[in-house]
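**Student:** Would you mind keeping the following structure in view while I ask a few things?
The values are calculated or read from the model by the stated rules, or taken from the named source; none is laboratory data. The structure presented is a predicted model; accordingly, all values stated were derived computationally and were not measured. Positions of Cβ are generated from backbone atoms using ideal geometry, with glycine treated the same way; all protein chains shown enter the neighbour counts.
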């Protein structure tokens, strides 16, 4: 009986030596989006910009009769997201510009409760007089990206990204990254009329 037990132990030792097993890493869904093809959008508003041809529906309307103000929705049904743009004319008053800047920054800072991180990237194009900030909001937040741009004299444009889904950062991250590039393209291609 002892002999069989020793034989069993020797066999187990011989076969147990070998390659170490490692658990499989978690798998992630790979989403491939088409390469962005940008086209100029020349709407009846005081600026023009380029947008991705994947955006199938672009709606705009005048918001207020007293001041020149427009709302533009750039919808991406395949990604279940929308980029909302709001344009406001500046009356030439620095107080008005400061109010617009405070509102735009306040909107981003309201996400600090749920955000893990909010990296901010300044943008400046002296040739076209476009100055602003792009903010990426990381975490389970309603709007994962916002920006604002102005010429500091007459024009102010703010943009934000929303998805038609409950905020789950890991789930929307690929689509958010794709649409953030479109938001940056809007900033970089913007021309005031």
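**Student:** Are any residues in the stretch 140-182 farther than 21 Å from residue 54 by Cβ, assigned to a helix (DSSP H, G or I) and out of contact with any strand residue (DSSP E or B) (no Cβ under 9 Å at 6 or more places or on another chain), and if so, which ones?
**Tutor:** 170
**Student:** How do the pairs read when you match residues in the stretch 131-155 that are on the phi > 0 side of the Ramachandran plot with residues anywhere that are in a loop (DSSP other than H, G, I, E, B) and surrounded by fewer than 22 Cβ atoms within 10 Å (Cβ to Cβ), using Cβ under 7 Å and keeping only pairs 6 or more apart or on different chains?
**Tutor:** From residues that are on the phi > 0 side of the Ramachandran plot, the pairs are 139/114.
**Student:** Can you pull out the residues in the stretch 77-88 that are surrounded by 15 or more Cβ atoms within 10 Å (Cβ to Cβ) and touching a strand residue (DSSP E or B) at 6+ places or on another chain (Cβ under 7 Å)?
**Tutor:** Answer for the stretch 77-88, where residues must be surrounded by 15 or more Cβ atoms within 10 Å (Cβ to Cβ) and touching a strand residue (DSSP E or B) at 6+ places or on another chain (Cβ under 7 Å): 81, 82, 83, 84, 85, 86, 87, 88.
**Student:** Can you name every residue in the stretch 89-125 that is assigned to a loop (DSSP other than H, G, I, E, B), surrounded by 13 or more Cβ atoms within 10 Å (Cβ to Cβ) and out of contact with any helix residue (DSSP H, G or I) (no Cβ under 8 Å at 6 or more places or on another chain)?
**Tutor:** 114
**Student:** Related question: Failed condition for residue 164, given (1) in contact with a helix residue (DSSP H, G or I) (Cβ under 9 Å, 6 or more places away or on another chain); (2) touching a residue at least 60 places away in the same chain (Cβ under 8 Å), with all others met?
**Tutor:** The single condition residue 164 does not satisfy is (1).
**Student:** Take residue 148 and tell me if it is surrounded by fewer than 18 Cβ atoms within 10 Å (Cβ to Cβ) and modelled with pLDDT of 95 or more.
**Tutor:** No; evaluated as a whole, the condition is false for this residue.
**Student:** Starting from residues that are more than 20 Å from the chain's Cα centre (by Cα) and assigned to a strand (DSSP E or B), keep the ones in the stretch 49-81 and report whichever is farthest from residue 184 (Cα to Cα).
**Tutor:** 64
**Student:** Another one. Does residue 134 count as in contact with a strand residue (DSSP E or B) (Cβ under 8 Å, 6 or more places away or on another chain) and either under 24 Å from residue 69 (Cα atoms) or buried (at least 16 other Cβ atoms within 10 Å of the Cβ) (or both)?
**Tutor:** Yes.
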